[in-house]
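The values are calculated or read from the model by the stated rules, or taken from the named source; none is laboratory data. Keep in mind that what you see is a predicted model, and the values were worked out from it rather than measured. Here the Cβ positions follow ideal geometry from the backbone for every residue, glycine too, while neighbour counts run over all protein chains shown.
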Amino acid sequence: MAINSVKMYISEKNLIYNMEYLKSNFNKEVLAVVKSNAYGHDINLITKLLYKNGYKNFAVARLVEAQKIILNTRLSQAEILILKV
């Protein structure tokens with residue numbers, strides 16, 4: 001019998017540390033690419049954590065992924081780049 005469930009723990013502290021590290025070391029704004037359901041980490045969770053910490057710009061692969069962000073009313077000021085229509 002195969003087991004098909006995996007449990008992941010996302011550290012908000014580490015996620016934000018990584019974003020700040022990129023931002024400060026390259027002296028550039030960071031665009032969070034959250035395509036493919038945030039690479040399997042749950043697009044709703046990741047965008048919520050990033051938005052809460054001041055990251056409001058996201059890139060997704062397809063319109064359906066952008067809609068998931070748009071439907072979250074707590075992310076009302078988010079800007080979304082759609083890479084493929």
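Evaluating Y39 against the criteria (1) at pLDDT below 95; (2) among the hydroxyl-bearing types (S, T, Y); (3) in contact with a helix residue (DSSP H, G or I) (Cβ under 7 Å, 6 or more places away or on another chain) leaves one unmet condition, (3). Only a single criterion out of (1) in contact with an Asp or Glu (Cβ under 9 Å, 6 or more places away or on another chain); (2) in a strand (DSSP E or B) is not satisfied by A59, namely (1).
Going by the structure shown, is A38 without any contact (Cβ under 8 Å) to a residue 60 or more places away in the chain, crowded, with 16+ Cβ neighbours inside 10 Å, of a type in the set (G, A, S) and on the phi < 0 side of the Ramachandran plot? For A38, the condition - without any contact (Cβ under 8 Å) to a residue 60 or more places away in the chain, crowded, with 16+ Cβ neighbours inside 10 Å, of a type in the set (G, A, S) and on the phi < 0 side of the Ramachandran plot - is not met.
With respect to the stated conditions, L83 is over 13 Å from the mean Cα position of the chain (by Cα) and in contact (Cβ under 8 Å) with a residue 40 or more places away in the chain.
Which residue out of Y9, Y17 is surrounded by 10 or more Cβ atoms within 10 Å (Cβ to Cβ) and among the aromatic types (F, W, Y)? Break it down into steps so the answer makes sense when it comes.
Values: Y9 fails: surrounded by 10 or more Cβ atoms within 10 Å (Cβ to Cβ).
Answer to the check: Y17.
Counting the residues of the range 20-35 that are assigned to a loop (DSSP other than H, G, I, E, B) and surrounded by 13 or more Cβ atoms within 10 Å (Cβ to Cβ) gives 2. One residue is enough: does the range 41-49 have a residue meeting the conditions over 11 Å from the mean Cα position of the chain (by Cα) and either assigned to a loop (DSSP other than H, G, I, E, B) or of a type in the set (V, I, T) (or both)? No, there is no match, as no residue in the range 41-49 is over 11 Å from the mean Cα position of the chain (by Cα) and either assigned to a loop (DSSP other than H, G, I, E, B) or of a type in the set (V, I, T) (or both).
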